[in-house]
Every structure is written in structure tokens, then in C-alpha cells.
Amino acid sequence: MPRGTSVRHPLAGLTRDFHKIGPLDGPVAPWMCAELDQHAAQVCEGIVSSGAELTANTLGTYLHGFLDGCLERGWGSDDADYDWETLRILAICRLAKERGFVR
């Protein structure tokens with residue numbers, strides 16, 4: 001785990017929780033792999049285009065903002081199986097694991 005990243009980091013907790021509902025390790029269905037890759041690319045592009053580097057902190061900040069927006073719109077993760085928001089969060093968690101920000 002990168003120096004300065006705590007197991008209490010918001011990415012760690014959410015990744016642990018979302019691992020229960022989505023495949024963050026191992027093979028995934030082709031349609032889901034494509035969706036997660038597309039979401040991850042959009043998240044990376046959004047962070048980098050704002051002039052920041054992709055780090056655990058910037059990804060965590062993005063995640064907080066995204067979740068705040070979801071909750072303001074009344075979204076709940078139990079509303080649908082793999083809706084757009086759930087796929088975006090899974091992509092963020094998968095990206096955090098791939099980059100070594102969480103275990």
C-alpha cells in the first residue's frame with residue numbers, strides 16, 4: 001500500500017464493501033469489463049484534465065464528490081443491480097486496487 005494511505009482511507013472501506021457486490025478481482029463478464037474500463041477512463045480523464053495527478057487522495061476526493069451527487073439525487077445502491085452509478089463506483093474501486101491505492 002502506498003505510503004500515507006491508511007486502511008481507514010475512504011477508498012479502502014468502499015472497495016471492501018463493493019467487493020461483496022461486484023467482481024473487483026479476477027475475470028468479469030465481457031460487457032462488465034468494457035463498462036468498468038470506460039468508467040475508469042472517464043474518471044482518470046476527469047481528474048487529470050483538472051490539472052491533478054491520479055493519486056489515492058484525488059481518487060478519494062472524486063469518489064466523495066460522486067457519492068455526494070448520487071445521494072443528492074436520491075440514488076441508493078440497492079435500487080438496481082448494476083446501474084450506472086454502481087458501475088462507476090465499482091470502476092473507481094477497481095482502479096484503486098489496480099493502482100495499488102488499496103489492497
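A few remarks follow.
- Accessible surface ranking for 73, 94, 1.4 angstrom probe, highest first: 73, 94.
- Most to least accessible of 48, 28 (protein chains only, probe 1.4 Å): 48, 28
- Carbon and sulfur %, accessible surface of segment 29-99 computed with the full protein complex present, 1.4 Å: 50
- Cα shape, segment 29-99, gyration tensor, a/c 1.5 rule: oblate
The values are calculated or read from the model by the stated rules, or taken from the named source; none is laboratory data. Treat the numbers as computed from the prediction; the structure is a model and nothing was measured. For the accessible areas, the whole protein counts, side chains as well, though only heavy atoms, and no ligand, DNA or RNA atoms are used. Shrake-Rupley method; radii C 1.70, N 1.55, O 1.52, S 1.80 Å.
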